[in-house]
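**Student:** Pasting a structure below so you can have a look.
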Amino acid sequence: MNEKEYDNLLRIKTGGTLELLSQSAHYNRYEATPYEALDELFKSYELKRSDGFVDFGCGKARVSFYVHHHFGSSVTGIEMNGQLYEDAIENLVRYRRKAKFRGGAIRFERCFAETYEIDPSENKFYFFNPFSIQIFMTAISNILMSVERAARPVDVILYYPTAEYVQYMDNQTPFELWKEVKVDRLYDKNENERFLIYRLGE
């Protein structure tokens, strides 16, 4: 399926890019993770219905709907941009019109990633370079504090990871690289087309 066909299947609209011109330099433009990449990731990485999945910088929420549709996990999308948040909510209305709304809850919060309070039920955290390394460090720190309060294994999933993100995860956190998933067709042309999954605890 191409991008448009996949959007149609989920009854959502997530294409295009959006430059966040009025935002601070800490936030990157909106660009959805390709469906092709998500298909590749989830061939070898399973989610459970009991998982709590958080999509940081969710934009129009393609990843959120994909995860909910395929695994029924509870999903929270975090988005600070007003226009993108509204797009995600509109997509949610359309998505809920599908024949059967199954699985866990799916919700969106309009807030800054660094202020989002991690729920003890949340254990999978997804980042597609949504913001600067400073904000990423704060988000990871919040995840670690949440684990201190409620011990559980957690995964951090990075798509198209920047050298700064990787360096920070490798050298300044207790997370360990658990799996690398290359997006075969795209990786041949661009070595950034990969996922890194970091795990804390078992």
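**Student:** Given the structure, is Ala32 on the phi > 0 side of the Ramachandran plot and either loosely packed, with under 15 Cβ neighbours inside 10 Å or aliphatic (A, V, I, L, M) (or both)?
**Tutor:** Details: on the phi > 0 side of the Ramachandran plot: no; either loosely packed, with under 15 Cβ neighbours inside 10 Å or aliphatic (A, V, I, L, M) (or both): yes.
No: the conditions fail for Ala32.
**Student:** Which of the residues that make up the stretch 106-131 are part of a loop (DSSP other than H, G, I, E, B) and in contact with a strand residue (DSSP E or B) (Cβ under 6 Å, 6 or more places away or on another chain)?
**Tutor:** Tyr116, Ser121, Glu122, Asn123, Phe128, Pro130
**Student:** Do we have Val67 as assigned to a helix (DSSP H, G or I) and open to solvent by 10 Å² or more (accessible area, probe 1.4 Å) here? Even if it seems obvious, please write down each step before you answer.
**Tutor:** Details: assigned to a helix (DSSP H, G or I): yes; open to solvent by 10 Å² or more (accessible area, probe 1.4 Å): no.
No; evaluated as a whole, the condition is false for this residue.
**Student:** Take Val147 and tell me if it is without any contact (Cβ under 8 Å) to a residue 24 or more places away in the chain, more than 30 Å from Tyr187 (Cβ to Cβ) and of a type in the set (A, V, I, L, M). If you could, list the steps in order and put the result at the bottom.
**Tutor:** Values: without any contact (Cβ under 8 Å) to a residue 24 or more places away in the chain: no; more than 30 Å from Tyr187 (Cβ to Cβ): yes; of a type in the set (A, V, I, L, M): yes.
Answer is no for this residue.
**Student:** List the number of the failed condition for Leu177; all other conditions in (1) among the aliphatic types (A, V, I, L, M); (2) more than 14 Å from Gly57 (Cβ to Cβ); (3) in a helix (DSSP H, G or I) hold.
**Tutor:** Leu177 satisfies all of (1) among the aliphatic types (A, V, I, L, M); (2) more than 14 Å from Gly57 (Cβ to Cβ); (3) in a helix (DSSP H, G or I) except (3).
**Student:** Taking the stretch 180-202 on its own, how many of its residues are assigned to a loop (DSSP other than H, G, I, E, B) and either open to solvent by 90 Å² or more (accessible area, probe 1.4 Å) or of a type outside the set (Gly, Ala, Ser) (or both)? Even if it seems obvious, please write down each step before you answer.
**Tutor:** Narrowing the stretch 180-202 to residues assigned to a loop (DSSP other than H, G, I, E, B): 183, 188-193, 201-202.
So of that shortlist, the ones also either open to solvent by 90 Å² or more (accessible area, probe 1.4 Å) or of a type outside the set (Gly, Ala, Ser) (or both) come out as 183, 188-193, 202.
So the count comes out to 8.
**Student:** Within the stretch 88-112, restricting attention to residues that are over 21 Å from Leu47 (Cβ atoms) and under 16 Å from the mean Cα position of the chain (by Cα), which residue is surrounded by the fewest Cβ atoms within 10 Å (Cβ to Cβ)? If you could, list the steps in order and put the result at the bottom.
**Tutor:** Taking the stretch 88-112 and keeping what is over 21 Å from Leu47 (Cβ atoms), we get 89-90, 93-94, 97, 99, 110-112.
So of that shortlist, the ones also under 16 Å from the mean Cα position of the chain (by Cα) come out as 110-112.
On the way: Arg110: 15, Cys111: 13, Phe112: 15.
It comes out as Cys111.
**Student:** So which pairs qualify, if the first residue must be in the stretch 172-188 and without any contact (Cβ under 8 Å) to a residue 60 or more places away in the chain, the second must be surrounded by 15 or more Cβ atoms within 10 Å (Cβ to Cβ) and acidic (Asp, Glu), the Cβ gap must be under 8 Å, and the two must be at least 6 apart or on different chains?
**Tutor:** The qualifying pairs are Trp178/Asp155; Tyr187/Glu193.
**Student:** Might you check whether a residue that is part of a helix (DSSP H, G or I) and over 18 Å from Asp55 (Cα atoms) occurs anywhere in the stretch 150-161?
**Tutor:** For the stretch 150-161, residues part of a helix (DSSP H, G or I) and over 18 Å from Asp55 (Cα atoms): absent.
**Student:** From the list Ala139, Ala113, Ala105, Ala163, which residue is small (Gly, Ala, Ser) and more than 16 Å from Gly77 (Cβ to Cβ)?
**Tutor:** Ala163
**Student:** Looking at Arg96, Arg149 in this structure, which one is in contact with a strand residue (DSSP E or B) (Cβ under 9 Å, 6 or more places away or on another chain) and either of a type in the set (Lys, Arg) or modelled with pLDDT of 95 or more (or both)?
**Tutor:** Answer to the selection: Arg96.
**Student:** Within the stretch 157-168, identify whether any single residue is of a type in the set (A, V, I, L, M, F, W, C), open to solvent by less than 10 Å² (accessible area, probe 1.4 Å) and touching a residue at least 40 places away in the same chain (Cβ under 8 Å), and answer yes or no.
**Tutor:** Checked the stretch 157-168: at least one residue is of a type in the set (A, V, I, L, M, F, W, C), open to solvent by less than 10 Å² (accessible area, probe 1.4 Å) and touching a residue at least 40 places away in the same chain (Cβ under 8 Å).
The values are calculated or read from the model by the stated rules, or taken from the named source; none is laboratory data. All values derive from a computational prediction rather than experimental measurement. Because the Cβ atoms are built from the backbone with ideal geometry, glycine has one as well, and the counts that use them run over all protein chains shown. Remember, those area values only see protein heavy atoms, side chains included, never the ligands or the DNA or RNA. Shrake-Rupley method; radii C 1.70, N 1.55, O 1.52, S 1.80 Å.
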